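Data block below; observations after.
The values are calculated or read from the model by the stated rules, or taken from the named source; none is laboratory data. Predicted, not measured: the structure shown is a model, and the values here were computed from it. Using ideal geometry, Cβ is built from the backbone for each residue, glycine included, and neighbour counts are taken over all protein chains shown. Quick note on the areas: whole protein, heavy atoms, side chains included, nothing else; ligands and nucleic acids left out. Shrake-Rupley method; radii C 1.70, N 1.55, O 1.52, S 1.80 Å.
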Amino acid sequence: MNRSSAPLPVVIRDAAQHDMAAIQAIYSFYVTRTAASFEETPPSVAEMEARRERICRRGLPFLVAEEKGEVLGYTYAGPFRERSAYRYTVEDSIYVAPFVVRRGIGRLLLGALVDRCAELGYRQMIAVIGDSANQSSIALHRSLGFGQEGVLRGVGLKFDRWVDVVIMHRSLGADDRPLPDGGKAPSLV
Ligand SMILES: CC(C)(COP(=O)(O)OP(=O)(O)OC[C@H]1O[C@@H](n2cnc3c(N)ncnc32)[C@H](O)[C@@H]1OP(=O)(O)O)[C@@H](O)C(=O)NCCC(=O)NCCS
């Protein structure tokens, strides 16, 4: 087999500052063309880097999928809500470059994010999916064990239409673990 012509595997790794221009380009595509995100104006590269730094400062994962040196998608876990009792619950975000969707990159990224968050001791992961027509995200989450918990009808206004939010959820790790020592997760408090 000719090694040089073999396709390189997609690598999932922690995002770095130098990835943020590619990440911003992917996110901008979806912000400007879809209701997957409820942002309406694409954030700058500097703002995306500030967001990555906030996630990393909390000890949470911010991952990219890279193939042949090119960033093809990213995912991260952020706090679901800031109030302290939510500290074992995270919310995922995931975006795959439009020219490589349906090649398994989303499943690799989200699977890695679920594993990392479970290893870190988080207990629940929530997906807040923009647009009930967003079948790709709903199906991706379902394929990774998320169940649909509800639909918030018409809570967004984007592109001159009312947009739903679909809430999906899965547990992380074993259900029968004892309460964590002291009830504290260092990264979310
Ligand atoms: C949602 C998204 C991340 C999926 O990434 P992806 O790399 O295309 O997903 P994968 O190829 O790994 O698909 C995994 C599984 O999800 C499901 N799926 C993905 N896209 C689908 C689609 N368009 N229709 C139906 N099922 C789909 C399938 O079960 C698929 O498995 P299969 O291909 O073996 O049938 C990608 O479409 C995306 O970035 N969408 C826009 C942004 C977005 O909506 N992000 C989520 C915000 S919460």
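Annotations for the structure displayed:
- Number of positions in the stretch 101-136 that are hydroxyl-bearing (Ser, Thr, Tyr), farther than 19 Å from Ile26 by Cα and open to solvent by 50 Å² or more (accessible area, probe 1.4 Å): 0
- Whether a residue is farther than 24 Å from Leu179 by Cα, assigned to a helix (DSSP H, G or I), more than 7 Å from the ligand (Cβ to nearest atom) and open to solvent by 20 Å² or more (accessible area, probe 1.4 Å) was assessed, and Ala139 does not pass this test.
- Of the residues making up the stretch 7-18, one or more are at pLDDT below 95 and touching a Lys or Arg at 6+ places or on another chain (Cβ under 6 Å).
- Per-region count, the stretch 5-42, residues free of Cβ contacts under 8 Å to residues at least 24 places away in the same chain and crowded, with 16+ Cβ neighbours inside 10 Å: 3
- Top-ranked residue in the stretch 142-189 [being among the polar types (S, T, N, Q) and at pLDDT 85 or above; ranked as most open to solvent (accessible area, probe 1.4 Å)]: Gln148
- Among the residues of the stretch 89-100, those identified as open to solvent by 40 Å² or more (accessible area, probe 1.4 Å) and not hydrophobic (A, V, I, L, M, F, W, C) are Glu91, Pro98.
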